[in-house]
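Beneath this line is the structure, given in structure tokens, with notes to follow.
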Amino acid sequence: MRGVLILSCLALVGGCSAARQVGAGLGDAATQPLVDLNVRRDQIPTVLLQAQANPYDRRNLNQCTTIGAEVARLDEALGPDRDEPPAPNSPTLNERAQEAIAEAMLDAIRDAATDFIPYRSWVRRLTGAQARSKTVQDAVEAGRLRRAFLKGLGMRANCAPPASPAWFRPTGRSQS
């Protein structure tokens, strides 16, 4: 608990940005025991479930626009791909430090909220929370795999980004 107090003071010194970030994530951190008890379950986006079912599905992917649309759906669910350039207004060193402080505070709050659950790993196994977590991780991995596959198809079809990696420049005519 002393660590939470110290981190709270650091966040106040660090600035309002860290305090806002902690405020936004406080609900998730405090309700972590509900996740451990498998009472609260976040929905897996449909696009990730589809990717999990068949990551190499090529149906309706004969045009660059359809490949790009599918990549955009995956980007929405997964966040930007590793090949995407950093945003032009990337965070300053001070902003990154504030984000790190806020994350440390949320981790401390999450740890404090879950500390009262005895034998937490067993509780997660018995309630099915561990299996659910693995299912979510598998869906995310399948989504990343599908996005990479789609971008490979886009390169092969000579498509411009986002239907191919951000660094790829098509030559000649593409399959629109």
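Observations on the structure shown:
- Some residue of the range 149-168 being surrounded by 17 or more Cβ atoms within 10 Å (Cβ to Cβ), among the charged types (D, E, K, R), modelled with pLDDT of 90 or more and part of a helix (DSSP H, G or I): yes
- Residue in the range 37-46 that is β-branched (Val, Ile, Thr), outside any helix (DSSP H, G or I) and either under 28 Å from Arg132 (Cα atoms) or at pLDDT 75 or above (or both) present: yes
- Checking Ala100 against (1) closer than 18 Å to Ala160 by Cβ; (2) not β-branched (Val, Ile, Thr); (3) not in a loop (DSSP other than H, G, I, E, B), the condition it does not meet: (1)
- Scanning the range 53-93 for residues that are among the basic types (Lys, Arg) and modelled with pLDDT of 90 or more, we see that the one that is surrounded by the most Cβ atoms within 10 Å (Cβ to Cβ) is Arg73.
- Residues in the range 134-147 that are without any contact (Cβ under 8 Å) to a residue 40 or more places away in the chain and surrounded by 14 or more Cβ atoms within 10 Å (Cβ to Cβ): 1 in all.
The values are calculated or read from the model by the stated rules, or taken from the named source; none is laboratory data. Bear in mind the structure is a predicted one, so any value in this text is a computation, not a measurement. Using ideal geometry, Cβ is built from the backbone for each residue, glycine included, and neighbour counts are taken over all protein chains shown.
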